[in-house]
Amino acid sequence: MPKFRSFSLYLFVIVAAFAMSIAAPIAYAQTLASSAVFSGSVSDSSGARISNATVVLTSPDKGITRTFKTDAEGNFSFALLPASTYTLTVSAQGFKTARQQGITLEVGQSASQAVALTIGSSEQIEVTAEAPLLQTDNANVGAEVSTKQVTELPLNLRNVFNFVELNSSVNNLSQRQTISSGGQQGSADQDVSFFNFGGGYFGTTAFLLDGAWDASEGWGGVIYVPSPDNVQEFKVQQNTFSAQYGWSTGNVINVVTKSGGSSLHGDAYDYLRNASLDANNYFNNLNGLPKPVSHRNQFGVAIGGPVYIPGIYKQRDKTFFFFNFEGHRDHNAGNYAGTVPIPAFRNGDFSALLGPQIGTDALGRPILSGQLYDPFSTHAVGGGFIRDPIPGNNLATYVSPYTGGSLINSIGQSLINFYPAPLNNSLTNNWSATGLLADYSDEYSGRIDHNFSDKTRLYGRYSYKKEYKDEEAAFFGASNPAGPGQRNPNNRWNVGVGLSQVFSPTFTMSLNLGGMKWVEGNDVQSNGFKASSLGLPSFIDTYSPQFPIISVATYLPEGPVAGAGQGAFPRSSASGSVDFVKVRGPHQLSFGYMAVATDENGGRFHFTPFNFDTLFTSGPDPKAPTSGTGDSAASMLLGLPASGNTGIAISNVSRTWFHGVYLQDDWKATRKLTLNLGLRWEVQRPVTDRYNRLASFNYNAVNPISAAVGQTYLGELVFASSGNRGLTNTNYKNFAPRIGFAYQLMPKLVMRGGYGIFYPPSYRGTGPAPGFSSDTPYVSSNDGGLTPAGTLSSAFSGGLVPVSGSSLDGLTNVGQSVTAVSRTRKTYYDQQWTYGFQYAPTSNDVIDVTYVGNHGVHVDASGLNLNQLDPKYFSMGNALLAQVPNPFFGQITSSACSLDQPTVAQGQLLRPHPEFCDINENQDPAGSSSYNALDVNYTHRVSQGLTLLASYTFSKFIDNVGGPENWASASANFSENIRNVYNLAAEKSVDATDTPHSFVLSYVYEIPVGKNKKFASGSNGALNQVIGGWQTSGTLTLKEGFPLTITGSNNNNFGVGQHVNVVGDYHLAHPSRTEWFNTAAFATAPAWTLGNAPRYFSDLRAPGYRNFDLSIQKYFPIKESVRLQFRLDMFNALNHTNFYSPNTFMGGGFGTINQAWTPRQMQAALKLYW
């Protein structure tokens, strides 16, 4: 076995075997992550502490009894407690016994209770009270979502991870817009995890299911999403300073599944939604379209209790079971809208684009708005370049004097003909369609818990979800292969086993194992399509058997959505952890180890994209085209994409290991002060491939081509080997100190603070495998866009770039672009600190006011082009495009940047690594971030029928890169929007998800009317059935819009980015859907400039978000232990139109808003409880 893999495997096996050997044969199935801690002190009426008092904590429902003798300071502590309702009994010689019932402990909760005994006989004093909400023993910032909230709050799609949004510091509007707008995988139940906590990025949150790892290594979201009726507790920890948690930016989401109890309980339910109760989408109303037919049905049963077999196994406190089934049948409304070419455009007549004169060219000719130019007419004039206009914008009648014939291309004609016909005569936003998107799933989950004794417990769980979902309907028609139709299978399996041992009241240990398998895929509408039927080369039929992905700026795309394609992705992960808790005097010591192994496998066929913009049809100066000239559909008809590629793809077989060891001391330094002192050490192993196909990039190595050309050139790919399998070097210095304190200033007031370092996963995904796959670029121009190098009819005329494996070594991909990962990459980490106060005016109310800050160091950028031409050469102007002798000619035989030609542009040879085109460093840890926020939270625990949680965040989030998963941000336009990699400080702006003001209010309220209630308490019989048993719940969300970025055509070459220029005031007194900002305030930046617009505008934002979800519930008692609930849930109950962000690309529809969030939806449900 190779050394690299053996370290991870042996370490995991040795620790697991050790833990099992000392725990067997008995276990208490809780981990620190999925359990609660209950501690406190015992004193007399004067406050003097009582030592050697007997403290007993019991949960009859779970069959648990734990005993502790208080220490010399009168302290007691119970760790590894399952979430449940407990009874506390405290007795001491010479004192009355105190008994407190109704102590509900949530997952991840650390509760503290001070018990005062009264001098006297053995008489028992009983009270019923919850555990105090005031956190006196740690500085963690988080929120528990109780079982009542999970089951009673309105929950669209019944997805428990929606409850994360009850925390106002969580923002996901930008990500949700990306997912809702379409993408490779679409809106599965996992996609609700496309969120970021304050100051963090999507993909940096840890998800735990019953203490086991439940996050995808490839993209950072959650994998298995249990039904709400299978969830016992749900805990959101925003800033946790416990050293136990790792591989995140301090944000941890714990979900614990339900277990059975000593009595039989359960429920059966059916939720139904259809369009008859829903409102119509804003844009359907605008376009005169009817409300789409939609239907959703979610039904299931959950049942738990003791395993009782008459005559064979009679018990009610040893073995428990829980089973849940949930079915989901969803036919939801789908909308697809945008711009398609009008019939005249398809015939070559673009005269409708022509407008008034907007300038004069270098030859004195008028420049008309919407004018098309002959791309083959580019010629020098006055030290610059100029193109000739096409008379009347009529390509059908125009014969180019430069080509001697019509410019209309047969492949371009075929592509444009696949568009559906427009619905009106408008040039923009002239087409829309609706359809039904099916989403089906069946989920099964079973769990067994067994108590061997009062000290021991074992549990095992198996869960399976079979699902498929429609990403897009066949909006162009079922027989049109250019349509976006796509169905995605999404099947998941999850298992968990828990073992632990209570060695003594002061020493406990637990072992937890979890495993997951996830098989996801894409079935596209055009699967099997032959590109050769369009006129493209026949080899594409073999390696890319689907419709090409056609992007046409300002028009709807054709082909599979967002770069997707036919494929399958089997993934799996396994995790194991061992945790010890030792109470020694005022110290509670926790130490343990966790390992996670994740596999990312599978892949898609290589897609064949072509991207059309105005590059070849705008003018008159091709290097500084006049804004408003050219058209991307005309470029398509001419068969002139600005870029494109095809190739051969591979299926990945990769693995990544994570190891974490921690030590934590929760030290009760004084009666009022608790210190949380922790240290965590993490080892994140680099990704490996089963067949050693990965390659890193060495920027300082001399490329082998140097010897052939007689000059030194740096940079080469370095392939993995059997002795060096990892993509990057392992960093063994990832030490993460965690420090927190809680000081009880007054009985109801606690001051808390903390500091910690956190290491999220340093690299996500499978890593590049160049040579084993190949990308064959479409060469659009050999002179920087001045003239086309050919048309689609000559695309890939040199054939496919061959698959060479690692045989070419450092010569691999020379002459091409490279996806690179530096082997010596730095490690992304996050520093966090908090300081605040918690005040409990009553035992059921608590107010948190906390300052939260963090600083991201070596933040991952999604990708940076490190072979960018240094802007210091911009002073050369168009001389950078001048053709000079190519030193690589004869050595490079295929190239996307003309390195296979006798001459090459001067600018190419001035790049840092001129033997390559672009070098895109994947997830480059080159950025930094800062976040400062004021969090205010108010919690009212259920009393007098009311449960309430209010959360407000005032914050600012600044960075210079977009984080590891920047593609998921709608305002990012799937790009880092970086102009100059040599000066990232100039890219500093608010983050794409910055949300200065965010407020969320949720409540559950039992209306106090009816039998035994405040009003009409004497009601009986039929009257009580009518007026009693009513309840309402709701969630109000108010958020400021996320910042916008303005983009346009990039007029730079050689990998240099560009922002637009701000030339005026972009604010409007009255922004509207059709003009959200002053579009005249922006202009395309000239060539060889970077543009002056910021990466994101802090004062130009998408529309804000206002939403109120409401539920009305009525309970009908059937008998003492059986009741029926009818409920009506209304999502966006007030039917407020929440608009998407506007179109921020300078082109057709610039500044307009063309989509909106979901209108009001209503669902009714019946639920039988017993």
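Bear in mind these aren't lab numbers, they're just calculated from the coordinates by the rules spelled out. What you are looking at is a predicted structure, and each value in this text was computed from that prediction instead of being measured. Here the Cβ is made from the backbone with ideal geometry for all residues, glycine too, and neighbour counts use every protein chain on show.
Some observations on this one:
- Ellipsoid semi-axes in whole angstrom, largest first, where each is sqrt(5λ) of the Cα gyration tensor of region 461-518: 49, 9, 7
- Reachable lysines from residue 872, criterion Cα separation under 22 angstrom, eight or more residues apart if same chain: 623, 988
- Likely footprinting exposure, 746, 594, 751, fewest C-beta neighbours within 10 Å first: 746, 751, 594
- Cβ-Cβ FRET estimate between residue 297 and residue 464, R0 fixed at 22 Å, reported to 0.05: 0.65
- Which of 241, 874, 616 has the fewest Cβ neighbours within 10 Å, and the rest in rising order: 874, 241, 616
- Cα pair distances exceeding 21 angstrom across region 768-880, given as percent: 68 percent
- Region 428-580: mean projected area of Cα convex hull, nm²: 14.2 nm²
- Computed packing ranks the peptides 1046-1053, 1110-1117 as 1046-1053, 1110-1117, most packed first, by mean other Cβ atoms within 10 Å.
- Every pair of different Cα atoms in region 361-444 enters the Kirkwood calculation, which places the hydrodynamic radius at 17.2 Å.
- Cα centroids of region 615-632 and region 905-977: 33 Å apart.
- Part-to-part distance (alpha-carbon centres) for region 722-792 and region 467-541, which is given in Å: 23 Å
- Here, region 528-668 is characterised by an Rg to Rh ratio of 1.34, where Rg is the alpha-carbon radius of gyration and Rh the Kirkwood radius.
- Here the relative contact order of the chain, from alpha carbon pairs under 8 Å that lie six or more residues apart, stands at 11 percent.
- Scattering from region 697-827 was approximated by placing one identical point on each alpha carbon and applying the Debye formula without solvent; log10 I(q)/I(0) at 0.20 1/Å stands at -1.23.
- Net charge over other residues, Cβ less than 15 angstrom from the Cβ of residue 1026 (K, R count +1; D, E count -1): +3
- Inter-probe distance in nm under a simple model that places probes 7 Å from Cα toward Cβ, at residue 406 and residue 797: 2.1 nm
- Degrees separating the helix 3-23 axis from the principal Cα axis of the chain, which is the longest one: 10 degrees
- Normalising the Debye intensity of region 272-343 to I(0), with uniform scatterers on Cα atoms only, and taking log10 at q = 0.13, 0.16, 0.19, 0.22 Å⁻¹ returns -0.63, -0.75, -0.87, -0.99.
- Per residue, the convex hull spanned by the Cα atoms of the chain measures out at 175 cubic angstrom.
- The equivalent ellipsoid that matches the C-alpha gyration tensor of region 1042-1097 spans semi-axes of 24, 11, 9 angstrom, in descending order.
- Of interest is the spacing of the C-alpha centroids, which for region 345-385 and region 559-598 amounts to 59 Å.
- Using 0.36 nm per residue and subtracting the Cα-Cα separation, the extra length available between residue 444 and residue 85 on full extension is 126.6 nm.
- Note on residue 99 and residue 119: the extension gain reaches 5.7 nm, defined as 0.36 nm multiplied by sequence separation minus the Cα-Cα distance.
- Based on alpha carbons, the Rg and Dmax found for region 906-960 are 24.8, 78 Å.
- Reduced Cα scattering model of region 794-938, Debye log10 I(q)/I(0), q = 0.12, 0.19 Å⁻¹: -0.69, -1.16
- Globularity index of region 288-442, i.e. its alpha-carbon radius of gyration over 2.2 N^0.38 Å: 2.12
- Gain upon complete extension [residue 369, residue 712; 0.36 nm per residue less C-alpha separation]: 118.6 nm
- Converting the Cα gyration tensor eigenvalues of region 940-992 into ellipsoid dimensions via √(5λ) gives semi-axes, longest first, of 39, 13, 7 Å.
- Above-threshold pairs, the threshold being 23 Å between Cα atoms, out of 455/582; 1039/1114; 314/1167; 69/148; 672/956: 1039/1114; 314/1167; 69/148; 672/956
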